[in-house]
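Structure record follows, encoded as structure tokens.
The values are calculated or read from the model by the stated rules, or taken from the named source; none is laboratory data. Keep in mind the model is a prediction, meaning the values are calculated, not measured. For neighbour counting, all protein chains shown are included, and Cβ atoms are generated from backbone atoms with ideal geometry for every residue, glycine included.
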Amino acid sequence: MSPGLPIVRLKPGRDRSLRQRHPWLFSGAIAAVEGSPASGATVEIRAADGGLLALAAWSPASQIRARAWSFAPATIDASFIATRIRRAVDARAAMLDARHGGARLVHGESDGLPGVVADRYADVVVVQLSSAGADAWRDAIVDALAEATRASAIVERSDADVRALEGLASRVGVVRGTLPEPVVFRENGIDYAVDVLGGQKTGFYLDQRDNRRIVGAHAAGRRVLNAFCYTGGFTLACLAAGAEHVVSIDSSAQAIAQAAANLARNPALDASRAQWREADVFAELRRLRDAGSSFDLIVLDPPKFAPTSQHAARAARAYKDINLWGLKLLAPGGHLATFSCSGGIDATLFQKILAGAAQDARVDASIVGRLTASADHPVALAFPEGDYLKGLLIRRS
Ligand code: SAH
């Protein structure tokens, strides 16, 4: 099939997860490596009985020692990569207004491309490579994205912290075409400028697109608090939906400045209804409570407090804290949209944390909606880790 590829043999009984098409091979499952694969090179993964389980990218520096490209015999080459990219881009065709809109075009493992993320903002594509295998196929990935999208510019944002675990240096820059200045795209009828070179992640949180619409539907005539506002996604969605006013908090001065500029970019929205606060949310929620403030709609969309389950206990306390104070600030009949994007906190634990927060805040509240990432962030059934964004829409009695 692929003569000459290095072979990674598993210990007896350690083949189950690959047989279930989970793409990660952890170092502890490996009995022996035959050959000396370079970082990112393709290897054959074989069960103890010699049966082929997968063709995978070798990550010598990571605990996730290999990531599967294919569970069936295949030649892993530029054309294989291009086919996967094309399939992912085609799957978004119906969801995307390619001229103005934004969408995640490639969502890593769930699109059969471990370590590869690509987001489209109007005519610009931002690609993020975070594993040794993705990095090794960088040129093929960029070529395939250029071909499949015909974007006017492709930007690389390979600067996620996880690259260090793979032994990869960070790399940021325009890799194809010329970047328009500014990069602007439209979401739910609102224009946002995106700092694709310096913003967080690829510049914007596209995963919250549907949730901005869902939350906006509760905003008309309401007093809104948007905590962890970043560049103003939920703020502008609520203003567009007719919020009475929106107080937005973020600790990043740069994010607040970009959020205010985004508001100014949309003249149909009444900027006098927005108040921006550069502050630590943990402190500011208490301060608002001390000042006797109250809100009808609160959004809590913090950064990842628990990247893995090892951080779960500390993260759980942080989630409980902000939700407790959020619930205290919520007027009776008001709604709280609360999120966790932590891999280490699953949906069941998140719901328990909210129950504890409501109990300590002494409020009665119910779940009236469950929120998740938009459809351009698919979750492969074999890869439950892809289900990272958990949201609850809660109504205080
Ligand atoms: N809701 C946003 C995305 C939030 S990302 C959107 O829809 O686009 C998380 C944000 O939290 C980042 O902008 C980060 O700067 C901010 N942040 C992190 N820790 C914070 C803290 N302790 N207080 C205030 N903001 C914080």
Qualifying strands (runs of 3 or more DSSP E) (wholly inside the stretch 67-140; at least 3 residues being among the β-branched types (Val, Ile, Thr) and at pLDDT 95 or above): 124-129
Asp270 being modelled with pLDDT of 95 or more, more than 9 Å from the ligand (Cβ to nearest atom), out of contact with any Lys or Arg (no Cβ under 6 Å at 6 or more places or on another chain) and closer than 20 Å to Val215 by Cα: yes
Every residue from the stretch 210-220 that is free of Cβ contacts under 8 Å to residues at least 60 places away in the same chain and not basic (Lys, Arg): Gly216, Ala217, Ala220
Those residues of the stretch 231-257 which are crowded, with 24+ Cβ neighbours inside 10 Å and touching a residue at least 40 places away in the same chain (Cβ under 8 Å), in sequence order: Gly232, Gly233, Phe234, Leu236, Ala237, Cys238, Ala243
Leading residue by the ranking (surrounded by the most Cβ atoms within 10 Å (Cβ to Cβ)) among those in the stretch 176-197 that are without any contact (Cβ under 8 Å) to a residue 40 or more places away in the chain and of a type outside the set (Lys, Arg): Gly177
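Yes or no, residue by residue, for (1) within 19 Å of the chain's Cα centre (by Cα); (2) among the hydroxyl-bearing types (Ser, Thr, Tyr); (3) within 24 Å of Ala103 (Cα to Cα):
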residue	(1), (2), (3)
Val194	yes, no, yes
Thr202	yes, yes, yes
Cys229	yes, no, yes
Leu236	no, no, yes
Ala240	no, no, yes
Ile256	no, no, yes
Trp276	no, no, no
Val281	no, no, no
Gly292	no, no, no
Some residue of the stretch 320-334 being more than 30 Å from Ala91 (Cα to Cα) and of a type in the set (Lys, Arg): yes
Qualifying residue in the stretch 244-252 (condition: in a loop (DSSP other than H, G, I, E, B), near the ligand (Cβ under 10 Å from one of its atoms), of a type outside the set (Phe, Trp, Tyr) and modelled with pLDDT of 95 or more): yes
Residue within the stretch 277-286 that is more than 10 Å from the ligand (Cβ to nearest atom) and hydrophobic (A, V, I, L, M, F, W, C) present: no
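On the basis of being free of Cβ contacts under 8 Å to residues at least 40 places away in the same chain, loosely packed, with under 14 Cβ neighbours inside 10 Å and within 14 Å of the ligand (Cβ to nearest atom), does Asp321 make the cut?
No; evaluated as a whole, the condition is false for this residue.
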Residues (surrounded by fewer than 20 Cβ atoms within 10 Å (Cβ to Cβ) and either assigned to a strand (DSSP E or B) or without any contact (Cβ under 8 Å) to a residue 24 or more places away in the chain (or both)) located in the stretch 258-275: Ala264, Pro267, Ala271, Ser272, Gln275
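Search the stretch 4-39 for residues being part of a loop (DSSP other than H, G, I, E, B) and among the hydroxyl-bearing types (Ser, Thr, Tyr), and hand back the single one that is surrounded by the fewest Cβ atoms within 10 Å (Cβ to Cβ).
Ser36
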